[in-house]
Amino acid sequence: MRRAIIVGATSGLGLEVAKILLGDGWRIGVAARRLGLLEQLRAACPDRVEVAEIDVTAPDAPERLDGLVDRVGGMDLYFHASGIGWQNPALDPAKELATVDTNALGFARMTGEAFRLMAGGGGGQIAVISSIAGTKGLGAAPAYSATKAFQNAYLQALEQLAHIRSLPIAFTDIRPGFVATALLGDNPRYPMLMQAADVARAIVRAVYARRHVVVIDWRWGVLTTLWRLIPDCVWRRLRVGG
(Lines give C-alpha, C1' and ligand atoms only; values in the text may rest on other atoms or scores of the structure.)
Protein backbone atom coordinates (compact mmCIF):
# COMPACT_ATOMS: atom_id res chain seq x y z
CA MET A 1 0.00 0.00 0.00
CA ARG A 2 1.36 3.42 -0.97
CA ARG A 3 1.78 5.89 1.89
CA ALA A 4 1.45 9.68 1.74
CA ILE A 5 1.87 12.49 4.24
CA ILE A 6 -0.17 15.62 3.51
CA VAL A 7 0.61 18.77 5.48
CA GLY A 8 -2.08 21.43 5.22
CA ALA A 9 -5.07 19.13 4.71
CA THR A 10 -7.91 20.82 6.57
CA SER A 11 -9.37 22.52 3.49
CA GLY A 12 -8.79 23.51 -0.10
CA LEU A 13 -6.35 21.63 -2.28
CA GLY A 14 -4.76 19.62 0.54
CA LEU A 15 -8.11 18.18 1.54
CA GLU A 16 -9.16 17.48 -2.05
CA VAL A 17 -5.87 15.70 -2.81
CA ALA A 18 -6.24 13.64 0.37
CA LYS A 19 -9.69 12.48 -0.75
CA ILE A 20 -8.38 11.45 -4.17
CA LEU A 21 -5.45 9.50 -2.73
CA LEU A 22 -7.78 7.69 -0.34
CA GLY A 23 -10.02 6.79 -3.25
CA ASP A 24 -6.96 5.41 -5.07
CA GLY A 25 -6.13 3.13 -2.13
CA TRP A 26 -3.37 5.06 -0.39
CA ARG A 27 -2.73 5.02 3.35
CA ILE A 28 -2.32 8.64 4.41
CA GLY A 29 -1.22 10.82 7.30
CA VAL A 30 -2.81 14.26 7.35
CA ALA A 31 -1.60 17.19 9.39
CA ALA A 32 -2.58 20.79 10.10
CA ARG A 33 -2.78 23.28 12.96
CA ARG A 34 -6.37 22.29 13.80
CA LEU A 35 -7.57 18.71 14.16
CA GLY A 36 -11.34 19.10 13.76
CA LEU A 37 -11.64 18.63 10.00
CA LEU A 38 -8.83 16.07 9.99
CA GLU A 39 -10.80 13.93 12.44
CA GLN A 40 -13.74 14.03 10.02
CA LEU A 41 -11.47 12.67 7.31
CA ARG A 42 -10.24 9.89 9.61
CA ALA A 43 -13.80 9.01 10.60
CA ALA A 44 -14.63 8.40 6.94
CA CYS A 45 -11.74 5.91 6.57
CA PRO A 46 -10.32 5.04 10.01
CA ASP A 47 -8.19 2.11 8.86
CA ARG A 48 -6.16 4.18 6.39
CA VAL A 49 -5.94 7.68 7.91
CA GLU A 50 -3.68 8.95 10.68
CA VAL A 51 -3.87 12.55 11.88
CA ALA A 52 -1.45 14.93 13.60
CA GLU A 53 -1.54 18.49 14.84
CA ILE A 54 1.40 20.25 13.23
CA ASP A 55 2.11 23.96 13.02
CA VAL A 56 4.81 24.41 10.38
CA THR A 57 6.04 27.57 12.12
CA ALA A 58 6.74 25.74 15.39
CA PRO A 59 10.23 24.42 16.25
CA ASP A 60 8.82 20.95 17.07
CA ALA A 61 7.15 20.53 13.67
CA PRO A 62 9.87 18.19 12.27
CA GLU A 63 9.58 15.87 15.28
CA ARG A 64 5.80 15.81 14.90
CA LEU A 65 6.23 14.94 11.22
CA ASP A 66 8.58 12.10 12.16
CA GLY A 67 5.97 10.71 14.56
CA LEU A 68 3.24 10.86 11.92
CA VAL A 69 5.44 9.04 9.41
CA ASP A 70 6.08 6.31 11.98
CA ARG A 71 2.35 5.84 12.61
CA VAL A 72 1.60 5.67 8.89
CA GLY A 73 4.36 3.12 8.44
CA GLY A 74 6.58 5.10 6.10
CA MET A 75 6.36 7.82 3.48
CA ASP A 76 6.38 7.32 -0.29
CA LEU A 77 4.97 10.81 -0.92
CA TYR A 78 5.32 14.02 1.05
CA PHE A 79 2.72 16.54 -0.12
CA HIS A 80 3.05 20.11 1.17
CA ALA A 81 -0.13 22.18 0.89
CA SER A 82 0.39 24.48 3.87
CA GLY A 83 0.53 28.20 3.13
CA ILE A 84 -0.94 31.64 3.78
CA GLY A 85 -1.04 34.89 1.86
CA TRP A 86 -2.78 38.20 1.35
CA GLN A 87 -2.86 41.05 -1.05
CA ASN A 88 -1.00 43.59 1.05
CA PRO A 89 -0.37 46.84 -0.87
CA ALA A 90 -0.33 48.75 2.45
CA LEU A 91 2.61 46.53 3.48
CA ASP A 92 1.13 45.64 6.86
CA PRO A 93 4.20 44.24 8.66
CA ALA A 94 2.23 41.61 10.59
CA LYS A 95 0.93 40.11 7.34
CA GLU A 96 4.31 40.28 5.61
CA LEU A 97 6.19 38.60 8.45
CA ALA A 98 3.54 35.93 9.03
CA THR A 99 3.69 35.05 5.33
CA VAL A 100 7.47 34.71 5.46
CA ASP A 101 7.27 32.64 8.64
CA THR A 102 4.83 30.14 7.11
CA ASN A 103 5.71 30.09 3.41
CA ALA A 104 9.49 30.38 3.68
CA LEU A 105 10.70 29.28 7.11
CA GLY A 106 7.91 26.74 7.66
CA PHE A 107 8.28 25.45 4.13
CA ALA A 108 12.02 24.90 4.49
CA ARG A 109 11.51 23.32 7.91
CA MET A 110 9.05 20.73 6.59
CA THR A 111 10.39 19.94 3.13
CA GLY A 112 13.89 19.76 4.55
CA GLU A 113 12.79 17.19 7.12
CA ALA A 114 10.93 15.21 4.45
CA PHE A 115 14.11 15.21 2.35
CA ARG A 116 16.20 13.96 5.29
CA LEU A 117 13.71 11.19 6.05
CA MET A 118 13.63 10.04 2.45
CA ALA A 119 17.41 10.25 2.14
CA GLY A 120 17.73 7.80 5.01
CA GLY A 121 14.76 5.64 4.14
CA GLY A 122 15.05 4.58 0.52
CA GLY A 123 13.72 7.63 -1.32
CA GLY A 124 10.27 8.84 -2.31
CA GLN A 125 8.61 11.88 -3.83
CA ILE A 126 8.22 15.43 -2.53
CA ALA A 127 5.40 17.44 -4.09
CA VAL A 128 4.52 20.99 -3.08
CA ILE A 129 1.89 23.54 -3.96
CA SER A 130 3.73 26.76 -4.71
CA SER A 131 2.11 29.29 -7.05
CA ILE A 132 2.35 31.21 -10.30
CA ALA A 133 2.91 34.20 -7.98
CA GLY A 134 6.56 33.20 -7.78
CA THR A 135 7.06 34.01 -11.47
CA LYS A 136 7.51 37.76 -10.90
CA GLY A 137 7.40 40.11 -7.93
CA LEU A 138 3.77 41.21 -7.50
CA GLY A 139 3.35 44.68 -6.01
CA ALA A 140 -0.05 43.80 -4.55
CA ALA A 141 1.40 40.87 -2.58
CA PRO A 142 5.13 41.37 -1.94
CA ALA A 143 5.78 38.72 0.72
CA TYR A 144 3.50 36.18 -0.93
CA SER A 145 5.15 36.40 -4.35
CA ALA A 146 8.62 36.48 -2.82
CA THR A 147 8.01 33.39 -0.67
CA LYS A 148 6.59 31.50 -3.63
CA ALA A 149 9.73 32.30 -5.61
CA PHE A 150 11.70 31.02 -2.60
CA GLN A 151 9.74 27.76 -2.73
CA ASN A 152 10.41 27.34 -6.45
CA ALA A 153 14.16 27.85 -5.99
CA TYR A 154 14.37 25.76 -2.83
CA LEU A 155 12.71 22.78 -4.46
CA GLN A 156 14.95 23.13 -7.51
CA ALA A 157 17.97 23.15 -5.21
CA LEU A 158 16.78 20.04 -3.36
CA GLU A 159 16.33 18.26 -6.67
CA GLN A 160 19.89 19.10 -7.65
CA LEU A 161 21.13 18.02 -4.21
CA ALA A 162 19.35 14.67 -4.55
CA HIS A 163 21.07 14.16 -7.91
CA ILE A 164 24.49 15.08 -6.47
CA ARG A 165 23.99 12.57 -3.64
CA SER A 166 22.46 9.91 -5.95
CA LEU A 167 19.28 9.79 -3.87
CA PRO A 168 16.12 8.28 -5.41
CA ILE A 169 13.92 11.28 -4.51
CA ALA A 170 11.58 12.80 -7.10
CA PHE A 171 10.21 16.35 -6.90
CA THR A 172 7.06 17.98 -8.24
CA ASP A 173 6.57 21.75 -8.05
CA ILE A 174 2.86 22.52 -8.57
CA ARG A 175 2.07 26.12 -9.55
CA PRO A 176 -1.66 26.82 -9.73
CA GLY A 177 -3.29 30.05 -10.79
CA PHE A 178 -6.24 31.40 -8.81
CA VAL A 179 -8.19 28.61 -7.10
CA ALA A 180 -11.51 29.07 -5.28
CA THR A 181 -10.31 28.22 -1.76
CA ALA A 182 -10.34 29.92 1.63
CA LEU A 183 -6.99 31.52 0.77
CA LEU A 184 -8.74 33.85 -1.68
CA GLY A 185 -11.74 34.51 0.56
CA ASP A 186 -15.07 35.46 -1.01
CA ASN A 187 -13.70 37.93 -3.56
CA PRO A 188 -15.22 37.07 -6.96
CA ARG A 189 -12.93 39.40 -8.94
CA TYR A 190 -10.10 36.96 -9.57
CA PRO A 191 -9.65 36.14 -13.27
CA MET A 192 -9.60 32.60 -14.65
CA LEU A 193 -10.74 31.24 -11.28
CA MET A 194 -10.55 27.45 -11.00
CA GLN A 195 -12.43 25.02 -8.74
CA ALA A 196 -10.45 23.15 -6.09
CA ALA A 197 -11.72 19.68 -7.05
CA ASP A 198 -10.67 20.17 -10.69
CA VAL A 199 -7.24 21.47 -9.72
CA ALA A 200 -6.74 18.60 -7.26
CA ARG A 201 -7.34 16.05 -10.02
CA ALA A 202 -4.74 17.79 -12.20
CA ILE A 203 -2.33 17.82 -9.27
CA VAL A 204 -2.67 14.10 -8.65
CA ARG A 205 -2.12 13.38 -12.35
CA ALA A 206 1.08 15.46 -12.22
CA VAL A 207 2.26 13.64 -9.09
CA TYR A 208 1.61 10.22 -10.63
CA ALA A 209 3.48 11.28 -13.79
CA ARG A 210 6.34 12.61 -11.61
CA ARG A 211 6.30 15.94 -13.41
CA HIS A 212 9.08 18.27 -12.29
CA VAL A 213 7.17 21.55 -12.69
CA VAL A 214 3.52 21.92 -13.63
CA VAL A 215 1.51 25.13 -14.04
CA ILE A 216 -2.24 24.64 -13.62
CA ASP A 217 -4.00 25.23 -15.96
CA TRP A 218 -2.87 25.83 -19.56
CA ARG A 219 -4.19 29.42 -19.55
CA TRP A 220 -1.96 30.26 -16.60
CA GLY A 221 0.92 28.50 -18.33
CA VAL A 222 0.57 30.85 -21.29
CA LEU A 223 0.23 33.90 -19.06
CA THR A 224 3.28 33.15 -16.91
CA THR A 225 5.35 32.50 -20.02
CA LEU A 226 4.42 35.98 -21.22
CA TRP A 227 5.23 37.44 -17.79
CA ARG A 228 8.77 36.06 -18.00
CA LEU A 229 9.28 37.84 -21.33
CA ILE A 230 8.39 41.28 -19.94
CA PRO A 231 11.53 43.33 -19.16
CA ASP A 232 11.86 44.57 -15.58
CA CYS A 233 11.77 48.18 -16.76
CA VAL A 234 8.27 47.52 -18.12
CA TRP A 235 7.09 45.15 -15.36
CA ARG A 236 7.62 47.68 -12.58
CA ARG A 237 5.11 50.02 -14.26
CA LEU A 238 2.34 47.41 -14.63
CA ARG A 239 -0.63 46.85 -12.34
CA VAL A 240 -0.67 43.08 -11.84
CA GLY A 241 -2.56 41.21 -9.15
CA GLY A 242 -4.19 44.24 -7.55
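For the stretch 1-55, which whole percent of the accessible surface, found with a 1.4 angstrom probe, sits on carbon and sulfur atoms? List each step's numbers first, then the result.
Working: 1140 of 2370 Å².
That share works out to 48 percent.
With a 1.4 Å probe and all protein chains in place, put LYS136, LYS19, LYS95, LYS148 in order of accessible area, largest first. Provide the component values of the computation, followed by the final result.
Details: LYS136 30, LYS19 105, LYS95 70, LYS148 10 Å².
Sorted descending by solvent-accessible area, the residues read LYS19, LYS95, LYS136, LYS148.
Per residue, how large is the accessible surface of the chain? Use a 1.4 angstrom probe and give square angstrom. Show your work: numbers first, answer last.
On the way: 11560 Å² over 242 residues.
With all protein chains present, the chain gives 48 Å² per residue.
Here are some values of Cα extents along the principal axes in Å: (1) 67, 53, 27; (2) 53, 42, 34; (3) 68, 42, 41. Which one was computed from this structure?
(2)
For the chain, modelled as a GNM with alpha-carbon contacts under 10 angstrom, which of LEU35, LEU161, LEU15 fluctuates the most?
LEU161
Using helices alone, what [θ] at 222 nm do you get for the chain, with -39,500 (n - 2.57) per DSSP H run of 4 or more residues, divided over all residues and rounded to the nearest 500?
On the way: 9 runs with 107 residues, N = 242.
Helix contribution divided over all residues of the chain: -13500 deg cm²/dmol.
For every other residue with a beta carbon closer than 12 angstrom to the beta carbon of VAL179, add +1 if it is Lys or Arg and -1 if Asp or Glu, then tell me the sum.
Computed value for this residue: -2.
Cα to Cα, under 22 Å, and not fewer than 8 places away if on the same chain: which lysines meet these conditions relative to LYS136?
Here the lysines satisfying the reach criterion relative to LYS136 are LYS95, LYS148.
Please report, as a whole percent, how much of the solvent-accessible surface of the stretch 97-242 comes from carbon and sulfur atoms (probe radius 1.4 Å). Each step should come with its number before you reach the end.
Numbers: 4310 of 7310 Å².
It is 59 percent, rounded to a whole number.
Kindly report, to the nearest 10 Å², the accessible surface of HIS212 as traced by a 1.4 Å probe over protein heavy atoms only.
About 110 Å², ignoring ligands and nucleic acids.
If you fit an axis through the alpha-carbon atoms of helix 142-164 and take the longest principal axis of the Cα set of the chain, what angle between them do you get, 0 to 90°, nearest 10?
So the helix axis and the longest Cα principal axis differ by about 50 degrees.
Evaluate the distance, in nm, between pseudo-label points positioned 7 Å from the Cα of ALA153 and of TYR208 along their respective Cα→Cβ axes.
3.5 nm
Order of 197-209, 167-179 by packing, highest average Cβ count within 10 Å first? Numbers along the way, then the final one.
Values: 197-209: 17.2, 167-179: 20.3.
With the highest mean Cβ count within 10 Å placed first, the list reads 167-179, 197-209.
The values are calculated or read from the model by the stated rules, or taken from the named source; none is laboratory data. The model shown is predicted, which means the values in this text are computed figures rather than measured ones. Because the Cβ atoms are built from the backbone with ideal geometry, glycine has one as well, and the counts that use them run over all protein chains shown. Each accessible area value is taken on the protein alone, full model and side chains, heavy atoms only, with ligands, DNA and RNA left out. Shrake-Rupley method; radii C 1.70, N 1.55, O 1.52, S 1.80 Å.
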